[in-house]
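For reference, the structure is listed below as structure tokens.
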Amino acid sequence: PGAAAPATALARSEQVMWRPIARLVGLTLLLDAAVAAVLSAASLKEYDALLAERPTAVVAVYAPWCGHSRALLPEYDAAAALLGRRVPLIKVDGTVAEDVATRLDVKGYPTLFFVRDGVADEFEGERTAKQIESWAKAMLEPELQRFDTAAAAVEWGRSTAASAAASAA
């Protein structure tokens with residue numbers, strides 16, 4: 001009977017110790033969800049500031065009056081949740097931030113772009129969360145180099161290493 005009391009006390013202390021950790025884990029999950037939120041830019045200045053902080057992003061330019069845009073936005077939000085912190089997603093109301101739409105050469109609403117270091121590649125797939133996620137992941141992958149011979153591959157490796165060393169110096 002005397003041995004059961006310490007075990008019960010230990011079990012209670014373990015429960016008390018885990019509660020704050022569980023709260024912390026919940027906070028971490030909330031922070032992760034916040035990071036996955038879709039960002040908004042209402043002007044060219046805001047757009048440039050977002051891209052200065054995040055040189056790679058998926059950008060949706062939409063018009064609130066457009067039915068296709070209204071259908072896209074929930075899918076875009078769902079894509080942000082699927083992508084998590086892999087790449088930020090930015091929404092731009094092209095009717096308000098016309099200068100952003102002009103810079104990206106938007107021809108119609110909605111239009112999706114993958115922007116990397118100021119270069120925008122237009123999305124041409126199905127506007128579903130899963131397709132946007134797949135496209136963004138594929139765009140994040142490094143470009144593959146193809147070589148006709150092993151010697152060409154070796155030469156490319158040497159020149160890449162030399163240019164990296166020169167950049168680092």
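The values are calculated or read from the model by the stated rules, or taken from the named source; none is laboratory data. Computed from a prediction, not measured in an experiment: that's the story for all the values here. With ideal geometry, Cβ positions are generated from the backbone for all residues, glycine too; neighbour counts draw on all protein chains shown. These area figures cover heavy atoms from the full protein model, side chains too; ligands, DNA and RNA do not enter into them. Shrake-Rupley method; radii C 1.70, N 1.55, O 1.52, S 1.80 Å.
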Condition broken by PRO88, with the remaining ones in (1) at pLDDT below 95; (2) farther than 12 Å from VAL38 by Cβ; (3) touching a strand residue (DSSP E or B) at 6+ places or on another chain (Cβ under 8 Å) satisfied: (2)
Neighbours by Cβ (under 8 Å, 6+ apart or cross-chain): first from region 101-118, farther than 13 Å from ILE90 by Cβ; second part of a helix (DSSP H, G or I) and among the basic types (Lys, Arg): none
Residue list for region 104-120, restricted to those being open to solvent by 30 Å² or more (accessible area, probe 1.4 Å) and outside any loop (DSSP other than H, G, I, E, B): ARG116, VAL119, ALA120
Qualifying residue in region 94-112 (condition: among the aromatic types (Phe, Trp, Tyr) and either within 17 Å of LEU50 (Cβ to Cβ) or out of contact with any Ser or Thr (no Cβ under 9 Å at 6 or more places or on another chain) (or both)): no
Top-ranked residue of region 84-113 - restricted to ones that are touching a helix residue (DSSP H, G or I) at 6+ places or on another chain (Cβ under 9 Å) and of a type in the set (Lys, Arg), ranked as farthest from LYS130 (Cα to Cα): ARG103
Members of region 55-69 found to be touching a strand residue (DSSP E or B) at 6+ places or on another chain (Cβ under 8 Å) and farther than 17 Å from THR102 by Cβ, listed by number: PRO55, THR56, ALA57, VAL58, PRO64, SER69
Meets criteria (part of a strand (DSSP E or B) and open to solvent by less than 80 Å² (accessible area, probe 1.4 Å)) for ASP77: no
Filter result for THR160 (at pLDDT 90 or above, more than 17 Å from SER40 (Cβ to Cβ) and either loosely packed, with under 14 Cβ neighbours inside 10 Å or touching a His at 6+ places or on another chain (Cβ under 6 Å) (or both)): no
